[in-house]
Amino acid sequence: AQTVTQSQPEMSVQEAETVTLSCTYDTSESDYYLFWYKQPPSRQMILVIRQEAYKQQNATENRFSVNFQKAAKSFSLKISDSQLGDAAMYFCAYRNPITGNQFYFGTGTSLTVIP
Amino acid sequence: DAGVTQSPTHLIKTRGQHVTLRCSPISGHKSVSWYQQVLGQGPQFIFQYYEKEERGRGNFPDRFSARQFPNYSSELNVNALLLGDSALYLCASSLLPQPPIDYGYTFGSGTRLTVV
């Protein structure tokens, strides 16, 4: 079974600074997708960024970028120029594109942005 | 367009009771998945339905069941509620059960169930 580990239960960052959230995963599959989801107090899971395992280039979405290390099974999220609205729970997730009828989520990292 | 709609938003039930949670997917989406998110944990997969058929089931007891209707909306039923069933129940819809990456999934805001 696939497992996703987030070792940082809580993180904080000063507004306008940069923060990196860590995620590791375990799988024997060679093709898969990785995701970062944001869950604000509204509770809805919002997609932040996604990475296809077959792509070597790291995904970027505006202020959000990832460092994908396939051999190390590591998938960290970097948030640049942090804003107050970035404060939320962040979940790392894994899905297999072939059998991928389910996400495997980590336990989450609570991000606080300090004004 | 309306997003994924879940009802009710909150409810409180007593141990041993039964509960039904409802989900309306995004218009045009034919697949609905259910997740349980216990406080302090990430969501865990319960079921996926596509075209009214069960396409996947997570490691949950038979007290949990679901169904999908012709309009693609879905119900999650939980019988004989336990205190440990207290959680946020999330619904996610997608065009297909295993969508290409560009379609993706859209989550609702969940139903907060408290069992006392």
Flagged in the stretch A:46-81 as touching a Lys or Arg at 6+ places or on another chain (Cβ under 8 Å) and under 15 Å from A:LEU111 (Cβ atoms), in numbering order, are A:ILE46, A:VAL48, A:PHE64, A:ILE79, A:SER80, A:ASP81
message = So, B:PHE69, is that one aromatic (Phe, Trp, Tyr), free of Cβ contacts under 8 Å to residues at least 40 places away in the same chain, more than 14 Å from every other protein chain (Cβ to nearest Cβ) and over 26 Å from A:MET89 (Cβ atoms) or not?
response = yes
Test: A:GLU17 is more than 13 Å from the chain's Cα centre (by Cα) and more than 11 Å from every other protein chain (Cβ to nearest Cβ): yes
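So that you can scan it fast, the table gives a plain yes or no per residue for (1) under 27 Å from B:ASN59 (Cα atoms); (2) outside any loop (DSSP other than H, G, I, E, B):
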site: A:ALA1; (1), (2): yes, no
site: A:VAL4; (1), (2): yes, yes
site: A:GLN8; (1), (2): yes, no
site: A:SER12; (1), (2): no, yes
site: A:GLU17; (1), (2): no, no
site: A:GLU29; (1), (2): yes, no
site: A:ARG50; (1), (2): yes, yes
Of the residues in the stretch B:1-55, those that are within 10 Å of the chain's Cα centre (by Cα) and closer than 30 Å to A:PRO9 by Cβ number 11
Among the residues of the stretch B:73-93, is there at least one that is crowded, with 19+ Cβ neighbours inside 10 Å, assigned to a loop (DSSP other than H, G, I, E, B), at the interface with chain A (Cβ under 9 Å from one of its Cβ atoms) and in contact with a Gly (Cβ under 7 Å, 6 or more places away or on another chain)? no
Selection from the stretch A:62-115 of residues at the interface with chain B (Cβ under 10 Å from one of its Cβ atoms) and not in a strand (DSSP E or B) yields A:ASN96, A:PRO97, A:ILE98, A:THR99, A:GLY100, A:ASN101, A:GLN102, A:PHE103, A:GLY106, A:THR107, A:GLY108
Within the stretch B:94-116, of all residues that are modelled with pLDDT of 95 or more and surrounded by fewer than 15 Cβ atoms within 10 Å (Cβ to Cβ), the one nearest to B:VAL19 (Cα to Cα) is B:THR114
Take the conditions under 21 Å from B:TYR105 (Cα atoms) and part of a loop (DSSP other than H, G, I, E, B) and apply them to A:ARG43. Does it pass? yes
Counting only residues that are under 13 Å from B:PHE107 (Cβ atoms) and either β-branched (Val, Ile, Thr) or outside any strand (DSSP E or B) (or both), the stretch B:35-51 contains a total of 2
When every residue in the stretch B:8-58 that is facing chain A (nearest Cβ under 8 Å) and either in contact with a helix residue (DSSP H, G or I) (Cβ under 6 Å, 6 or more places away or on another chain) or of a type in the set (Phe, Trp, Tyr) (or both) is compared, the one surrounded by the most Cβ atoms within 10 Å (Cβ to Cβ) is B:TYR35
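The values are calculated or read from the model by the stated rules, or taken from the named source; none is laboratory data. Please read all numbers here as calculations on a predicted model, not as lab measurements. Note that we place each Cβ from the backbone using ideal geometry, even for glycine, and neighbour counts take in every protein chain shown.
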